Amino acid sequence: MIERLLNKHTVRVQVSCATRDDLIHEGLRDLLAQGCVEERYEKAIQKAFEAHGNYMAIAPGFLLSHARPEDGVLALGMSCINLKEGVSIGSENDPIRLVITLAAKDNTSHITALQELMHLLMDEDVFEQLKTTDSLDTMLSLLKGEETK
Amino acid sequence: MKIMVCCGSGLGSSFMIQMNVEKILKELSVSGVEVDHCDLGSAKGSGADVFVGTRDIAGELQQIGKPVISLTNMLDQDNLRTQLNEVLAKEGIL
């Protein structure tokens, strides 16, 4: 399932970001282009940060950027970007190097994708490569679960 | 006994942590423990006995007055295992 969501249309490497809002914005760019979310979804993610802090920075260098289905999600979607330079957002998991943005259509349809994602990220070597690679092909292979050297 | 994993929205990180909690409970051969996930707003009324959340929301969870497992790195299963062990021992499950 994950390769259906994360593909050459939704994955980018070495993206330039300076602030937390840049991370949210860049992560949403492809999801907006694909019609997965309305523009108001961006504001909803910012609000979630303001309400609850940096809880979406869930592992070292990793941000799972998302809001709720009713915040303007039109279709299930996911994007993945890694960053040219790490961005500090005031989290213990700074600097952020990898941003996966999730648009969940309801409470269940994204679960398989998240399970697959979790499985990938638990592999330390894969996790590290996802954060640092400058090759889109490598990134796409990693996300498909293919071994890369 | 019920363990509730919480995050701000109740559908992203909370679910990912729930998968790890369930995996560890299985490893520990613990049965009869229900695991679910929800958003922060629903946490208080969930009636759960133990709450799990990322560090940034742990403070809000602590206000409920039940044991809270606070995670900085969601991918760090060893840390989660250690904290789960402690809580389950205290609750008399292990």
Flagged in the range A:17-27 as out of contact with any Cys (no Cβ under 7 Å at 6 or more places or on another chain) and closer than 10 Å to residue A:81 by Cβ, in numbering order, are A:17, A:27
Identity of the residue in the range B:1-49, among the hydroxyl-bearing types (Ser, Thr, Tyr) and under 13 Å from the mean Cα position of the chain (by Cα), that ends up modelled with the lowest pLDDT | B:13
Filtered residue count, the range A:1-24, keeping only those that are part of a strand (DSSP E or B) and not β-branched (Val, Ile, Thr) = 2
Within the range B:48-85, how many residues are hydrophobic (A, V, I, L, M, F, W, C) and within 22 Å of residue B:32 (Cα to Cα)?
-> 8
The number of residues in the range A:25-40 that are outside any helix (DSSP H, G or I) and either within 14 Å of chain B (Cβ to nearest Cβ) or buried (at least 20 other Cβ atoms within 10 Å of the Cβ) (or both) is 2
Of (1) buried (at least 17 other Cβ atoms within 10 Å of the Cβ); (2) touching a residue at least 40 places away in the same chain (Cβ under 8 Å), residue B:69 satisfies all except one. Which?
-> (2)
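The values are calculated or read from the model by the stated rules, or taken from the named source; none is laboratory data. Note that the coordinates shown come from a computational prediction; the quantities given were computed from them, not determined experimentally. Please note: Cβ atoms are built from the backbone with ideal geometry, for glycine as well, and neighbour counts cover all protein chains shown.
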